[in-house]
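Engineer: The structure is given below, and queries will be raised subsequently.
The values are calculated or read from the model by the stated rules, or taken from the named source; none is laboratory data. Here the structure is a predicted model, which is why all the values come from computation and not from measurement. Reconstructed Cβ throughout: ideal geometry from the backbone, glycine too, with neighbour counts over all protein chains shown. Each accessible area value is taken on the protein alone, full model and side chains, heavy atoms only, with ligands, DNA and RNA left out. Shrake-Rupley method; radii C 1.70, N 1.55, O 1.52, S 1.80 Å.
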Amino acid sequence: MIRKGFLYALPPIILTLALSIWGWIGVGDGAQVPVHFGLDGAPDRMGGKLEGFMLLPAVALALCGLFALMPLIDPRGDNLRRSAPAVLTAWAGVLWVLVAAQALITLTALGHLQTLENPGVLVGFASTVLIAVLGNVLSKTRPNWLIGIRTPWTLSSDKSWDVTHRWGGRLMTLGGSVSALCFLFAPTEIAFTVLGVNVSVVFGISLVLSYWVWKTDPDREVYSAASD
C-alpha cells in the first residue's frame, strides 16, 4: 500500500513543485503574492515568496510522510492496510487539492487569472470532488484510529463502524456532488455556503447514526472504571 501511495503521490507533488518554481522565477524579489483568498475568490492576504511558493510543497511532502507512517503507528495497522482504497484515495486526493491551491496562488501572482471572475472555484471544486470520491470508497474502510468517521461509538462497535461508513459515504458522495455543481454554476460565496452546510449535515447524521447503531449492538464494547 505504501509503495502505491508514493506512486500515486508522485504526479501531484511534481506538479505542485513545478507551479511553485514557475511562480518563484516569475515573481520579482521582494514582491508580495496572494496566500489566502476570501469566499468571493479574491485575495484577502498577501505574503512573501517563501510562503507563497514553498509552503504548500513542504506540506505535500510532510503529508506523504504522514500517510506512509500511518500503518506503522496505528494500533490497528492491519485494518488500515485492509482499508487501502480509502487511504490511497485520501492520500492522492489531498495532494491534488494542494495542486489546485498552488495553481490558484501561482496563476494569480503571475496575473493569469485576471479574466476569471471567481478564481477560488479552483480549490472549492477540487475539494468537493475529493469529498464525493472519498464517500464512494468510505464503506471499504475497516475500524482504525486514523482514517474514517471516528467517533467513540464507531471505535467501540464494528457494526456501528460498518453502518456509519456505508451511509456516511453515500451522504458524502451526494453532498460533494451537489457542492461541485454549485461551484460550477453558482456564485462562489453560495457554493462555499452549500459546502459548509453539506459537511455539517453529514457530520451530524453520522454522529447520531453511530451512537444509535452502537446502542443497539449487543456486541458493543462498554468500558467502566474499576471499582475500589
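Engineer: Pick from the range 130-177 the residues that are closer than 12 Å to Val202 by Cα and among the polar types (S, T, N, Q): which of them is surrounded by the most Cβ atoms within 10 Å (Cβ to Cβ)?
Structural biologist: It comes out as Thr164.
Engineer: Could you look through the range 70-100, keep only residues that are of a type outside the set (D, E, K, R) and open to solvent by 40 Å² or more (accessible area, probe 1.4 Å), and pick out the one that is farthest from Leu17 (Cα to Cα)?
Structural biologist: Ranking the qualifying residues of the range 70-100, first place goes to Pro75.
Engineer: Please find, among Leu15, Leu55, the residue that is free of Cβ contacts under 8 Å to residues at least 40 places away in the same chain and either outside any loop (DSSP other than H, G, I, E, B) or open to solvent by 30 Å² or more (accessible area, probe 1.4 Å) (or both).
Structural biologist: So the residue among Leu15, Leu55 that is free of Cβ contacts under 8 Å to residues at least 40 places away in the same chain and either outside any loop (DSSP other than H, G, I, E, B) or open to solvent by 30 Å² or more (accessible area, probe 1.4 Å) (or both) is Leu55.
Engineer: Report, by residue number, each residue of the range 18-37 that is touching a Phe, Trp or Tyr at 6+ places or on another chain (Cβ under 6 Å) and touching a residue at least 60 places away in the same chain (Cβ under 8 Å).
Structural biologist: Across the range 18-37, the qualifying residues are Ser20, Gly23.
Engineer: Among Gly65, Gly23, which is within 20 Å of the chain's Cα centre (by Cα) and among the small types (Gly, Ala, Ser)?
Structural biologist: None of the others qualify; the one that does is Gly65.
Engineer: Give the residue that is surrounded by the most Cβ atoms within 10 Å (Cβ to Cβ), with candidates limited to residues of the range 178-199 that are of a type in the set (S, T, N, Q) and within 15 Å of the chain's Cα centre (by Cα).
Structural biologist: Applying the filter and picking the extreme gives Ser179.
Engineer: Please find, within the range 200-228, the residue that is modelled with the highest pLDDT out of those that are open to solvent by 80 Å² or more (accessible area, probe 1.4 Å) and of a type in the set (Gly, Ala, Ser).
Structural biologist: Top of the filtered list is Ser224.
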